[in-house]
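Asks: Dropping the structure in here first, questions after.
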Amino acid sequence: MFNAAGHDQAPTAGRPAPLLSVVMPIYNEQEALPLTVERLRPILDELGITYEVVGIDDGSTDATPAIMQKVHQDWPEFRIVRFARNSGHQAALTAGIHRAYGDYVVSIDADLQDPPEKIPEMLSLAQERGLDIVYGVRGDRGTDTVFKRRTAGAYYWLMRRLVGKKMPNQAGDFRLLSRAAVDALKAMPEHQPVYRLLVPWLGFPSGEVVYVREERVAGATHYPLSKMLRLAIDSITNFSAAPLRLATWLGLLSLVLCFALGVYTTVEYALGETVPGWSSLFIGMLFLGAVQLVCIGLLGEYVGRIYSAAQARPAYFVGYDSAEEEVRAARREPAASAR
Ligand code: UDP
Ligand code: MG
């Protein structure tokens, strides 16, 4: 299932590729999922195209797996990919993008914060203008808490400085990708891809669809501050060696400071005054210790990344994929009837 680089290879044999794949990471969404399905299905059915919905069950521990099984029975286009354990939103997105069969792939949250009504708009924009990427851009975050808006604002400000102006402001993980963009992403050996940075970095022809970020329909967020911080650190270290340079600058600055202090004390000594040095000595020592520790920490962040890239452990394990099951069943059938 995984190749040497840890990439997910789903068998596509025996399945006609749909035009559209909707990838949806789902983690403990027993309250929200039925409402999402109810709103999503008519929209996709009305499009009159072939499609699949790839529901990635990110190791849910509530009633979500049972609900997904039921949805799959009533709605054959709803495909289930189940992780063996919880691996995080970005890993679920990766699995979905790697396993989707469609010519166009739209990723969307399962809590109706991204309005599914925008999917047809994204698709027609991409088809009419021949675009490879259509970003869902949040026009209004009025329903988010002030804290979420502030932290998100800071995050996008920083990311735009790292990736450059190509990165649309306030574009999250609600977006459309063409097959070409998906294949480009799949070919990258990146281990913990942060798609909201990697996709703009591709620089493929892109458009935007503005939407209002709605309130979560039910249940609670799975993104506490710790996970948001993790995403921010991943984003920075994935994209920039600037923090390493910061270490160099801090080192140089403290060197200059030390030199200046040295000159000062020598002059004082020559003037016959001994410098009462306890506090300055101690502060200097502490300061240098701190600078060194920070630098080692920063280095560690990158070394850790190299380490995990060298280990090439898969970011997730797929325990079950309903599409694979169907392919296998179809292969078994002729053999069974020959008996
Ligand atoms: N999610 C996931 N795995 C996780 C956490 C979240 O697949 O470990 C899914 C979740 O079900 C939802 C999406 O990722 O569809 C976004 O998560 P959430 O709504 O909790 O984040 P927020 O919108 O509050 O940032
Ligand atoms: Mg949400």
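Asks: Among the listed residues A126, A152, A110, A180, which satisfies the condition of being more than 19 Å from E214 (Cβ to Cβ) and either within 14 Å of ligand 1 (Cβ to nearest atom) or touching a strand residue (DSSP E or B) at 6+ places or on another chain (Cβ under 9 Å) (or both)?
Replies: A126
Asks: Here is a further query. Assuming G59 fulfils every condition listed in (1) crowded, with 17+ Cβ neighbours inside 10 Å; (2) in a helix (DSSP H, G or I); (3) within 14 Å of ligand 1 (Cβ to nearest atom) apart from one, which condition is it?
Replies: (2)
Asks: Sticking with this one: I'd like the full set of residues that are within 16 Å of ligand 2 (Cβ to nearest atom) and either over 23 Å from A95 (Cβ atoms) or within 12 Å of the chain's Cα centre (by Cα) (or both), limited to the range 196-219.
Replies: Within the range 196-219, R196, Y211, V212, R213, E214, E215, V217, A218 meet the criteria.
Asks: Please specify each residue of the range 198-226 satisfying the condition of being away from ligand 1 (no atom under 16 Å from the Cβ) and part of a helix (DSSP H, G or I).
Replies: Once the filter is applied, which keeps residues that are away from ligand 1 (no atom under 16 Å from the Cβ) and part of a helix (DSSP H, G or I), the range 198-226 yields L198, V199, P200, W201, L202.
Asks: Need the failing condition index for A180 against (1) without any contact (Cβ under 8 Å) to a residue 40 or more places away in the chain; (2) under 19 Å from H98 (Cα atoms); (3) loosely packed, with under 15 Cβ neighbours inside 10 Å, just the number.
Replies: Every condition holds for A180 apart from (1).
Asks: If we keep just the residues of the range 230-246 that are of a type in the set (A, V, I, L, M) and under 13 Å from the mean Cα position of the chain (by Cα), which is farthest from ligand 2 (Cβ to nearest atom)? Steps first, answer last, please.
Replies: In the first step, residues of the range 230-246 are kept if they are of a type in the set (A, V, I, L, M); the result is 231-233, 236, 241-242, 244, 246.
Filter again for under 13 Å from the mean Cα position of the chain (by Cα), leaving 231-233, 236.
Details: L231: 13, A232: 17, I233: 21, I236: 23 Å.
Checking each candidate, the answer is I236.
Asks: Against the condition in contact (Cβ under 8 Å) with a residue 60 or more places away in the chain and either over 22 Å from E324 (Cβ atoms) or buried (at least 21 other Cβ atoms within 10 Å of the Cβ) (or both), how does A95 come out, does it pass?
Replies: yes
Asks: Out of all the residues in the range 66-85, is one or more in contact with a Phe, Trp or Tyr (Cβ under 8 Å, 6 or more places away or on another chain), on the phi > 0 side of the Ramachandran plot and touching a residue at least 24 places away in the same chain (Cβ under 8 Å)?
Replies: Taking the range 66-85 as the starting set, the residues that turn out to be in contact with a Phe, Trp or Tyr (Cβ under 8 Å, 6 or more places away or on another chain) are 68, 71-72, 77, 80-85.
Next, only the ones that are on the phi > 0 side of the Ramachandran plot stay: none.
Checking the range 66-85: not a single residue is in contact with a Phe, Trp or Tyr (Cβ under 8 Å, 6 or more places away or on another chain), on the phi > 0 side of the Ramachandran plot and touching a residue at least 24 places away in the same chain (Cβ under 8 Å).
Conditions (1) under 25 Å from S124 (Cα atoms); (2) in contact with a Gly (Cβ under 8 Å, 6 or more places away or on another chain); (3) not in a strand (DSSP E or B), marked per residue:
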position	(1), (2), (3)
K148	no, no, yes
T151	no, no, yes
Y156	no, no, yes
M159	no, no, yes
L162	no, no, yes
M167	yes, no, yes
G172	yes, yes, no
R175	yes, yes, no
V182	yes, no, yes
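Asks: Could you tell me how many of the residues in the range 304-325 are acidic (D, E) and farther than 21 Å from A92 by Cα?
Replies: Adding up the residues that qualify gives 0.
Asks: Scan the range 126-140 and give yes if some residue there is without any contact (Cβ under 8 Å) to a residue 24 or more places away in the chain, within 24 Å of Y223 (Cα to Cα) and assigned to a helix (DSSP H, G or I), otherwise no.
Replies: Within the range 126-140 (the criterion being without any contact (Cβ under 8 Å) to a residue 24 or more places away in the chain, within 24 Å of Y223 (Cα to Cα) and assigned to a helix (DSSP H, G or I)), the answer is no, since none of the residues qualifies.
Asks: What residue, of V199, V256, V263, is among the β-branched types (V, I, T) and touching a strand residue (DSSP E or B) at 6+ places or on another chain (Cβ under 7 Å)?
Replies: That would be V199, the only listed residue that is among the β-branched types (V, I, T) and touching a strand residue (DSSP E or B) at 6+ places or on another chain (Cβ under 7 Å).
Asks: I'd like the residue in the range 273-295 that is over 30 Å from R245 (Cβ atoms) and either surrounded by fewer than 13 Cβ atoms within 10 Å (Cβ to Cβ) or touching a strand residue (DSSP E or B) at 6+ places or on another chain (Cβ under 8 Å) (or both) and, out of all such residues, is modelled with the highest pLDDT.
Replies: The residue in question is E273.
Asks: Run V71 past the list (1) within 19 Å of P314 (Cα to Cα); (2) touching a helix residue (DSSP H, G or I) at 6+ places or on another chain (Cβ under 7 Å) and report the number of the one that doesn't hold.
Replies: With (1) within 19 Å of P314 (Cα to Cα); (2) touching a helix residue (DSSP H, G or I) at 6+ places or on another chain (Cβ under 7 Å) applied to V71, the lone miss is (1).
Asks: Let me spell it out: the conditions are (1) of a type outside the set (A, V, I, L, M, F, W, C); (2) more than 22 Å from the chain's Cα centre (by Cα); (3) within 26 Å of R161 (Cα to Cα), and S226 meets all of them except one. Which number is the exception?
Replies: So the condition that S226 fails would be (2).
Asks: Can we say D45 is modelled with pLDDT under 95 and surrounded by fewer than 19 Cβ atoms within 10 Å (Cβ to Cβ)?
Replies: No; evaluated as a whole, the condition is false for this residue.
The values are calculated or read from the model by the stated rules, or taken from the named source; none is laboratory data. In this text the structure is predicted, and so the values were computed from the model without any measurement. When we count neighbours, we look across all protein chains shown, and the Cβ atoms used for this are built from the backbone with ideal geometry, even at glycine.
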